[in-house]
1. Among 115-124, 146-155, how do they line up by average Cβ neighbours within 10 Å per residue, starting with the highest?
2. Peptides 164-173, 127-136: what's the order by average Cβ count within 10 Å, highest mean first?
3. Among 30-41, 59-70, how do they line up from the highest to the lowest mean number of other beta-carbon atoms within 10 Å?
4. Need one number: nm distance between label points at Lys156 and Val48, each 7 Å from Cα along Cα→Cβ, rounded to one decimal.
Amino acid sequence: MTPPKFGEAKWKFITCSSVKVPVMIFGVNPIKDAVVIAQATGSGGTFVVKSIRSIQFEARSGDGLNELLQRLVVIFDLSGTSRRSTIALLGSSSGRFKSSVEAIKGEAITELAAAKSGLPVVRVTAASLKEALGCAPGQKWQVRAEERFNPGSTRKSWSQGAVGAAAAAFKVAEGQPRGIRSAIISPCAVRFLIDPTGLHASTLPPPSPSPSFASIRRNRSVKSH
């Protein structure tokens, strides 16, 4: 094959659609004093936790929560907007092992950061992780996650917070029931928009019914009489 003459060189362009960009999943686990993020790609046998980072924050300070918000936005923007990305948020627990107030604040700030970055959020419950991880009978999901994502305790940045973050990312990667994918801010996050410190969250009045709904109830009551 003879080389092209001067001025006749042919260029082959690769379009963006022909290049497969790996999906990035941010597994996020808000705990008492930090928000732990596991960045992962792939699924099944190709699932890999690329990095784990822990962002410490001061939950009782409005400035501390605002700083957390800004740092999360930077992470989601730099690593998420250039590829198809999803945030797998391990939701707060209730009952005997309910989450701390600080963790709930971290969860709300994570949702705000996701909305600012335009990334969808998939809420993951701790109760769903046993099935997703393939736990043996009687095995805790935390133990199984440790086996799968930190064999031999090789990760220096591994922690109990990282266990939940990695497990949440894995469930979303495996295409388990996803619930609602949304960047809509939850009522919990809205409360912290009103009161960033969360110190007066318990005193906020409950939302009133919409005028249309109230009028419908009133009309029905009149007709019944």
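1. Order by mean packing, descending: 115-124, 146-155.
2. Numbers: 164-173: 27.3, 127-136: 15.9.
Descending packing order for the listed peptides: 164-173, 127-136.
3. On the way: 30-41: 22.5, 59-70: 16.2.
Going by the mean number of other Cβ atoms within 10 Å, highest first, we get 30-41, 59-70.
4. In this crude spin-label approximation the distance works out to 2.0 nm.
Read-outs: derived from the displayed coordinates by stated rules, not from any lab. What you see is a predicted model; the values in this text were computed from it and never measured. Ideal geometry is used to build each Cβ from the backbone, glycine not excepted, and the neighbour counts take in all protein chains shown.
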